[in-house]
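Readers should treat all values here as calculations from the given coordinates under stated rules, not as data from a laboratory. Not measured: the values here are computed from a predicted model. Heads up, the Cβs are rebuilt from the backbone with ideal geometry, glycines too, and the neighbour counts pull from every protein chain shown.
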Amino acid sequence: MSLGNPRRRLRWPVGTACCALAVLSAHAGAIHGTLTRGGQPLARVPVSLVCGGEEVRAFSGPQGQYVLTHPASGRCTLTVEGASAEVPVADPPVRADFEVPPGGAALIRR
């Protein structure tokens, strides 16, 4: 019986633990949510967050979920497949669900 790729099984728990630790920092901010396209989850796509010129990156999960933490809080730019939106990043974390249009247009907040 195969349990699948062990690196994939560990990716989310390790990433989640790292994000949780970063959120505990006094100046850290976070954002999380779900990405969809055509109403379907957008799985395993790169997601980036730029705040004050500093970028952090992650991948969306199998159900389109994402979590990003950043050392700073405030207004930032979230980018997915060339489409972007200005988002608040704060502690406690902000939830922002987006529809990701094809072709790099602006993200659509749901």
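Straightening the chain between Thr77 and Val94 buys 4.8 nm, computed as 0.36 nm per residue apart minus the Cα-Cα spacing. Across segment 101-107, rounded Karplus estimates of 3J(HN,Hα) from the backbone phi angles (6.51 cos²θ - 1.76 cosθ + 1.60, θ = phi - 60°) give x, x, x, x, 6, 5, 5 Hz, Gly and Pro being marked x.
The modelled label-to-label distance for the pair Phe59/Gln40, using points 7 Å beyond Cα in the direction of Cβ, is 1.9 nm.
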